[in-house]
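This report concerns only the one structure given below.
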Amino acid sequence: MTRAAPTTLRPTTPREVRDAVLDTPGRLAVAGAGTAADWAGRLHDIDARLETTGLTGVIAHNPGDMTVSVHAGTPLRDLATEIGTHQQRVALDAARVGRGATVGGLVATADAGPSALVYGSVRDLVIGTTTVLADGTMVRSGGHVIKNVAGYDMAKLLHGSYGTLGVLVEVVLRLHPVPKATATVAVEGPLQAAAEHTARLVQSPLEPIACEWVSGDPGRLLVRLEGGESTLHLRVARLVELLGDGAHEVDESVWDEHAALTAGGPGPGGDGGDTGGPAVAPDGAVLRIGAAPTRLAPLVAELPATAVTAGLGTGVATVTVPGAAVAETHDAVAAAHGTSALRSRSADLDAPAWGPAPSGLPLLKAIKNRLDPDGRLSPGRFDPWM
Amino acid sequence: MPQQGPSAFDAIRPPERELLDDCVHCGFCLPTCPTYQLWGEEMDSPRGRILLMDLAQKGDIGLDGPFTEHMDNCLGCMACVTACPSGVQYDKLLESVRPQIERNVTRTKSDSLFREAIFALFPYKRRLRAAALPGALYQKLATVPAVRRLAAKLPGRLAAMESLLPPVTLREAFATLPVHTAAIGKRRARVALLSGCVQDVFFHRVNEATVRVLSAEGCDVLVPREQQCCGALEVHAGREESALGRARRTIARFETLDVDAIVTNVAGCGSSMKEYGHLLADDPEWAARAEAFSARVRDVSEVLAELYSRDDDGGPRAPRTPVQGRVAYHDACHLGHAQGVREQPRAVLRTIPEIELVDIAEAALCCGSAGIYNMIMPDAAAELGERKAGKIRDAKPDVVVTANPGCLLQIRKYLGEGAHGPVPLLHPVQLLDASIRGVEVPRS
Amino acid sequence: MPLDRRIVDEFVGVLGAADVLSDPIRTRTYECDGLTGYRVVPELVLLPRTAEAVAGCVKVCARHGVPFVARGAGTGLSGGALPVADGVVIGLNRLNRVLEVDVENRRAVLEPGVTNLEITAAASPFGLYYAPDPSSQQVCTIGGNVAENSGGAHCLKYGFTTNHVLSLEVVLPDGSLVTLGGDSAEQQGPDLRGVFLGSEGTLGITTKITVRLLRTPETMRTLLADFPSVAAGGQVVSDIVSAGIVPAAVEMMDALAIEAAEGATGAGYSLDTPAALVVELDGTAEECDDQFEQVKAICDKHGCTRLHIAGSPEERANIWRGRKAAFAAVGRISPDYIVQDGVVPRTRLSEVLDKIAEMADESGIRVANVFHAGDGNLHPLVLYSEANGEAEQAETLSSRIAELCVEMGGSLSGEHGIGTDKACSMPRMFGEEDLEAFHRVRAAFDPDDICNPGKLFPTPRLCGERPGKYRPHPLEEHGAIERL
Ligand SMILES: Cc1cc2nc3c(=O)[nH]c(=O)nc-3n(C[C@H](O)[C@H](O)[C@H](O)COP(=O)(O)OP(=O)(O)OC[C@H]3O[C@@H](n4cnc5c(N)ncnc54)[C@H](O)[C@@H]3O)c2cc1C
Ligand code: SF4
Ligand code: SF4
């Protein structure tokens, strides 16, 4: 049976999202700005595409409470600009924020950037969500206060659900103050050396915000600090001393290069505007992997990676490998007790998106079954698991 | 929950409703309760025991069976009193409940035989002295009916009891303290010393050291003759009638003395003597006398610490010689928890030059001695003893000090030999005495 | 109705007779947790010693449809560990080993019965600590913390239990053992670990927990400041926040709470001040000192009447001892009390406190206040005397306070959970559709409704035939959020 080309729905209010879900028969692909459209399992048998990009804007921002609620289709970049005037920010620096990723999309893909070392991933910043389920049920969980334990935390369920459990329509985020000053120190060297630096760094009291190795020749370790205007330089000096010979302060633009490399492109990235990511090399595939921090460097070293950004403090890395090596990468990560997910890859690459299924898979299936019994939402994202 | 029926307690000083109501069930007392640590069961925690008392008071459960079992399991260490933020007076509750059990619950034959034998021996200095003589306990005490009965029915329990009596020289067992020892130098205080029963027979050297130290620090020390047991063991076991008799006799013996303080070097005796006021509160003839007596009771470390911290003529007086080495101070429950005396012994020890005072981990947890507990609950006591000994070993002490003979015996039993023979186990005043006299630290 | 003898035998088969309590007097001691207003005696109390034994017990429950309730230290304040009649309590306190402290990766692997404070005790020799610090930390278990997503004074800066748990081994209600989460924050698929966290024991029993440890900060600066009013203290908090400072903790106590805490601990709080604020900053020496000066200036600006700066670790510990004893110590100034736990947006703190004072006056019942001022988490302590017949009034006032928090755009609970206590108030905060969706999640984990049934959700039995009707959320009324 052939299907008609999927139609695209672009609702602009939560009510319209619900109507769209209820009124559109068949299977729906849930999409944000499309910056991660080719991540995880490939969608299949789609009847319509439900895009949240029309569902934008801040709903409420009370600077004194340091919380903001937004429509899920709001690009985080735009939100940042708006709240930045109050010296506030969402402490999330995922690589694709610069390319217009939406708040809902970032939640659904469980994305995070280098500063996850301190601020966690987006799951740690979301304090409330409203979601439309496959049967049109509109579920609110959490709330508008940072601290809240009433009811199940549906935000967590949606975090990393890749559009398969519901359509996020509203997200409430906790905010952090914009740091008075930021600085980055770099030291050149291969991964192993960077890992050794990191081991010392995390034992130190210097409180790095991010600690990332980026591949290159020989590659380099980037360490970001945040602090007060008059005090940060003191800590920068301590950091330079700790990292030893060759450590030096660098311009913040290194993080744009980091973001581009994380997206699989050769960098420099951060070109903004367009919705597609920087092209991955034709036969390449980007994988996000996670492992215990001390296992990460040996694991990455063992992979046939052509580009790497590795959070040596968090244990989370993004690697680009030849398309043919995706399966073996999953296996290598699993052998190191890690987790892996396929991100961008060339359109025709046929490779498994996920490694071995976790022990909680039957549970995941049961949840899917309860929330979307007909399998309407984003089918294919968790192939081959479910 | 409202009253379900008549209280299971009799009318003689049942646990007070207000005291039971003080417990808010927060559980803050669980981690320091030794029985909860051992068994991890709610009914063997302070919170659980208070709940059981509450239920019994409300007439919902009876006293026999589980109620008695879980009250018996309690060491009476009073760690829960220290831990409780709501100020629950578990000590008072337990003190009212134990006599209720003794009066109203029929114990098994073997249990009562054993208890009778214990209380036929311990409060009597003469019998303890006889017990210290060479030969088997039974032969030495065959004239005591309770001991005879136990020996006939349960010789094993008698042997267990004997194994807890410490070795002692005959000279020491029969020695007596001078009735009056004058202060050296200008007198700073007049005190009367309770010489104790077990203490005087088996730890006479501690009494001697106490007298010497007090005198060296400027105290006139009276040791009245014809002292008897203060009743501590009986108080803590709920044998109220007999205990109150001893309390009255002790009060009568001491109350007429013109002294600033009634001093003891035994934590258990101190805690019960400080409770006389409460124990005899309902006795019109004795209430005020008991109150006045209790107000004057001090642990020896309290007396010394008070002298040292005086503004006028304060501070340590006797010159000291340095004592090198790591000294671990073990808080006896009846001193730390029951009397809240923790800082004073440490402060007193710190007056010894060069001493390195070290803490023992889990300091709040009982060593398992707890009065007669290690005789009637040997398994639990053994586990606690092992655990405490482990923590003491971790502290790597050269000397261990503690202010209660029960703790000394219990710890000695489980600590075993160190790399250089047994670690000396002393009362803190023995260490101070050695420092003041400039003699070597005794081995025991 | 007593359990069928054969079922009891199956439990005995799994655990051995000594670890199955069936005597009705002994099981009585498990009839409630820290919330004593609700009491139910369980049929059995099971005290397993290993994860396998827990799974074995749950399998027996699943096979026979026996409801079970997990219990840690029983310090919960919402009746989460309240037993179910005809059901069993599974006590986790004997699974109390710290399995591993992995210094390089800064994490610890724990059995669920390890107490919160024992984690830090095990980690501190390596310069590490476990950040979430509920006031009950010396006694509450990590399993209970996971179930309640517990917070503490230092959660303002460092987050709650959910932000510190990497993975959980869970016995699901069918007895199967799964691992949720993993070795890094990078997760595969939906964050089921996150769903389990804060689920109040309704989704399964956790038997092994991997938590993150943080490096002990280089510097900690703590001050205790008195203010002429709670409002002035609140203003200080606002100013600190708008200065871009994220303190490690900001705690406020009012006069009544101070009286209780000081009585219990003698920690050095002023007995004559209407409000006291504890502010703690931590971090690198330079930043910390710099910000501390700013905080002191802010305190002065708002009429601070006494500023006590902790000069030593002991003094700091003392200040915290006073604060952390506050709830339990209220037993000293009132025969009975209810610890309420609600959250409001921080900017509405003063307004809410005024309202609470008004409501307290009206009902003639005293309310003491202790709160995590930084995140708007209030702990009004409703003081009453059951003997004087004030229980019902106090209950009503307490529920009204929680619901007031919701009306102010906040939450029914910031850290103690919904449990039995607030299940009937849930419809004030969530609509039918929300609750229905929660039910679906629950059913995915526990289709037979045997895992801590009756908690969290309003049930006719608990709340009467018609549990409180949903009222539009005030944010909806303001058009801030939308509901269909
Ligand atoms: C004086 C006092 C102060 C407190 N202060 C705070 C505070 O500052 N912050 C705070 O957040 N809380 C506080 N609490 C509340 C309480 O201590 C916490 O909720 C704590 O996490 C409960 O832990 P527990 O081990 O006692 O759990 P319990 O009370 O035994 O159980 C709580 C819930 O967890 C479930 N549970 C227990 N173990 C497991 C397990 N292994 N797997 C699954 N579910 C399980 C139970 O079924 C129940 O629903 C305080 C309580 C008291 C009495
Ligand atoms: S006195 Fe000791 S053993 Fe008894 S309940 Fe209190 S802490 Fe436990
Ligand atoms: S005795 Fe004290 S600490 Fe223990 S549960 Fe009762 S109130 Fe809490």
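Hey, among the residues in the range C:48-63 that are surrounded by fewer than 24 Cβ atoms within 10 Å (Cβ to Cβ) and not in a helix (DSSP H, G or I), which one's farthest from ligand 2 (Cβ to nearest atom)? Applying the filter and picking the extreme gives C:T50. The C-beta contact set for the range A:216-234 (first residue closer than 21 Å to A:T309 by Cα, second residue in a loop (DSSP other than H, G, I, E, B) and small (G, A, S), distance under 6 angstrom, 6+ apart or interchain) comprises A:P218/A:G189. Restricting the range B:83-115 to residues that are among the polar types (S, T, N, Q) and closer than 25 Å to B:D379 by Cα leaves a set whose member that is nearest to ligand 1 (Cβ to nearest atom) is B:T108. Here C:G87 fulfils each of the conditions (1) within 24 Å of the chain's Cα centre (by Cα); (2) away from chain B (no Cβ under 14 Å); (3) within 14 Å of ligand 1 (Cβ to nearest atom) apart from (1). Within the range C:310-332, restricting attention to residues that are closer than 18 Å to C:H154 by Cα and touching a strand residue (DSSP E or B) at 6+ places or on another chain (Cβ under 6 Å), the residue that is farthest from ligand 1 (Cβ to nearest atom) is C:A310. In the range C:244-267, the qualifying residues are those that are assigned to a loop (DSSP other than H, G, I, E, B) and of a type in the set (G, A, S), and the one that is surrounded by the most Cβ atoms within 10 Å (Cβ to Cβ) is C:A248.
The number of residues in the range B:6-24 that are on the phi > 0 side of the Ramachandran plot and over 28 Å from the mean Cα position of the chain (by Cα) comes to 0. For the range A:145-153, indicate whether the set of residues that are of a type outside the set (K, R) and more than 7 Å from chain C (Cβ to nearest Cβ) is non-empty. No, because not a single residue in the range A:145-153 is of a type outside the set (K, R) and more than 7 Å from chain C (Cβ to nearest Cβ).
Do we have C:V66 as part of a loop (DSSP other than H, G, I, E, B) and either modelled with pLDDT of 95 or more or farther than 16 Å from C:A85 by Cβ (or both) here? For C:V66, the condition - part of a loop (DSSP other than H, G, I, E, B) and either modelled with pLDDT of 95 or more or farther than 16 Å from C:A85 by Cβ (or both) - is met.
Taking helices (runs of 4 or more DSSP H) as the structural unit, those lying wholly within the range B:326-444 and holding at least 1 residues that are within 27 Å of B:L304 (Cβ to Cβ) correspond to B:333-339, B:343-350, B:378-394, B:405-415, B:428-437. Among the residues of the range A:1-53, those that are acidic (D, E) and not in a loop (DSSP other than H, G, I, E, B) comprise A:E16, A:D19, A:D23, A:E51. Of all the listed residues (A:G73, A:G128), the sole one being at pLDDT 95 or above, within 14 Å of another protein chain (Cβ to nearest Cβ), surrounded by 20 or more Cβ atoms within 10 Å (Cβ to Cβ) and outside any helix (DSSP H, G or I) is A:G128.
Specify the residue that is modelled with the highest pLDDT; the eligible residues are those in the range B:91-135 that are within 23 Å of the chain's Cα centre (by Cα) and small (G, A, S). Taking the candidates together, the pick is B:S96. Looking at the range C:123-138, is at least one residue within 16 Å of ligand 3 (Cβ to nearest atom), among the small types (G, A, S), assigned to a helix (DSSP H, G or I) and more than 12 Å from chain A (Cβ to nearest Cβ)? Checked the range C:123-138: no residue is within 16 Å of ligand 3 (Cβ to nearest atom), among the small types (G, A, S), assigned to a helix (DSSP H, G or I) and more than 12 Å from chain A (Cβ to nearest Cβ).
Search the range B:40-67 for residues being charged (D, E, K, R) and within 16 Å of ligand 1 (Cβ to nearest atom), and hand back the single one that is nearest to the other protein chains (Cβ to nearest Cβ). In this case the residue turns out to be B:E42. Residues in the range C:171-187 that are at pLDDT below 95 and more than 7 Å from chain A (Cβ to nearest Cβ): there are none.
Of all the residues in the range C:238-278, those that are more than 14 Å from chain A (Cβ to nearest Cβ) and on the phi > 0 side of the Ramachandran plot number 2. If the condition is being closer than 24 Å to C:G417 by Cα, at pLDDT 95 or above and in a loop (DSSP other than H, G, I, E, B), then the range C:80-103 contributes C:G80, C:A81, C:L82, C:P83, C:V84, C:G87, C:L92, C:N93, C:R94, C:L95, C:N96. Within the range B:5-31, being within 15 Å of ligand 1 (Cβ to nearest atom) and touching a residue at least 24 places away in the same chain (Cβ under 8 Å) holds for B:D22, B:C23, B:V24, B:H25, B:C26, B:F28, B:C29, B:P31. Only residues that are closer than 21 Å to C:E415 by Cα and more than 11 Å from every other protein chain (Cβ to nearest Cβ) were counted across the range C:189-212, and they come to 5.
Counting the residues of the range A:283-342 that are within 13 Å of chain C (Cβ to nearest Cβ) and of a type in the set (A, V, I, L, M, F, W, C) gives 19. Restricted to the range C:291-305, and to residues there that are assigned to a helix (DSSP H, G or I) and β-branched (V, I, T), the residue that is surrounded by the fewest Cβ atoms within 10 Å (Cβ to Cβ) is C:I298. Could you tell me whether the range A:148-171 includes any residue that is under 30 Å from C:I240 (Cβ atoms), of a type in the set (V, I, T) and without any contact (Cβ under 8 Å) to a residue 24 or more places away in the chain? Checking the range A:148-171: at least one residue is under 30 Å from C:I240 (Cβ atoms), of a type in the set (V, I, T) and without any contact (Cβ under 8 Å) to a residue 24 or more places away in the chain.
Of everything listed in (1) modelled with pLDDT of 95 or more; (2) not in a helix (DSSP H, G or I), the single unmet condition for A:A347 is (1). Against the conditions (1) more than 12 Å from ligand 1 (Cβ to nearest atom); (2) surrounded by fewer than 24 Cβ atoms within 10 Å (Cβ to Cβ), C:Q188 satisfies every one except (2).
Checking C:D449, C:D421, C:D375, C:D434 one by one, the residue that is crowded, with 20+ Cβ neighbours inside 10 Å, at pLDDT 95 or above and not aromatic (F, W, Y) is C:D434 and no other. Cβ-Cβ distances below 6 Å connect the following pairs, each with a first residue in the range B:103-117 that is on the phi < 0 side of the Ramachandran plot, a second residue that is at pLDDT below 90 and among the β-branched types (V, I, T), and a separation of six or more residues or different chains: B:A117/B:V147. Looking across the range B:150-180, the residues that are buried (at least 18 other Cβ atoms within 10 Å of the Cβ) and not in a loop (DSSP other than H, G, I, E, B) come down to B:L150, B:A151, B:R157, B:L158, B:M161, B:A173. Among the residues of the range C:6-30, just one is more than 8 Å from chain B (Cβ to nearest Cβ) and under 28 Å from the mean Cα position of the chain (by Cα), namely C:T27. Could you tell me whether B:T68 is within 10 Å of ligand 2 (Cβ to nearest atom) and either in contact with a strand residue (DSSP E or B) (Cβ under 8 Å, 6 or more places away or on another chain) or part of a helix (DSSP H, G or I) (or both)? Judged against the criteria, B:T68 is not a match.
A count restricted to the range B:106-147 and to residues that are aliphatic (A, V, I, L, M) and surrounded by fewer than 18 Cβ atoms within 10 Å (Cβ to Cβ) stands at 3.
The values are calculated or read from the model by the stated rules, or taken from the named source; none is laboratory data. Just so it is clear, the model here is predicted, and its values are computed rather than measured. Positions of Cβ are generated from backbone atoms using ideal geometry, with glycine treated the same way; all protein chains shown enter the neighbour counts.
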